[in-house]
Amino acid sequence: MFTIEHEFDSTVVTLVDEGEVSDTRHLNEDVTINAFADCVTLEQWDPRTDQVHKITLSPAQLRDLTAALNLPEGIYRSEPKRD
């Protein structure tokens, strides 16, 4: 399950780990993705350390990640975005 909210300066996507009915593994904490004009942040609370961990991606890193999800194993270099 996921939610999408449009804030003043960002779009916020929250990913919820619901697991399977027969799945007995531990469910992961929610992941919150904030999409700003100049970066994307991913946040997840870590119950072991009682802290929120944040990862910040540049637009180029996000484009590479999006492309990587649809490619087979290998090494790739994306073309720079041309305006």
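The values are calculated or read from the model by the stated rules, or taken from the named source; none is laboratory data. Only a predicted model underlies this, so the values are computations on that prediction, with no experimental measurement involved. So basically every Cβ, Gly included, is an ideal-geometry build from the backbone, and we count neighbours across all protein chains shown. Remember, those area values only see protein heavy atoms, side chains included, never the ligands or the DNA or RNA. Shrake-Rupley method; radii C 1.70, N 1.55, O 1.52, S 1.80 Å.
Looking at the range 14-24, is at least one residue under 14 Å from the mean Cα position of the chain (by Cα) and among the polar types (S, T, N, Q)?
yes
Which ones in the range 32-46 are touching an Asp or Glu at 6+ places or on another chain (Cβ under 7 Å) and open to solvent by 40 Å² or more (accessible area, probe 1.4 Å)?
Phe36, Gln44, Trp45
Among the numbered conditions (1) surrounded by fewer than 10 Cβ atoms within 10 Å (Cβ to Cβ); (2) modelled with pLDDT of 95 or more; (3) among the basic types (Lys, Arg), tell me where Lys54 comes up short.
Only one criterion in (1) surrounded by fewer than 10 Cβ atoms within 10 Å (Cβ to Cβ); (2) modelled with pLDDT of 95 or more; (3) among the basic types (Lys, Arg) is unmet by Lys54, namely (1).
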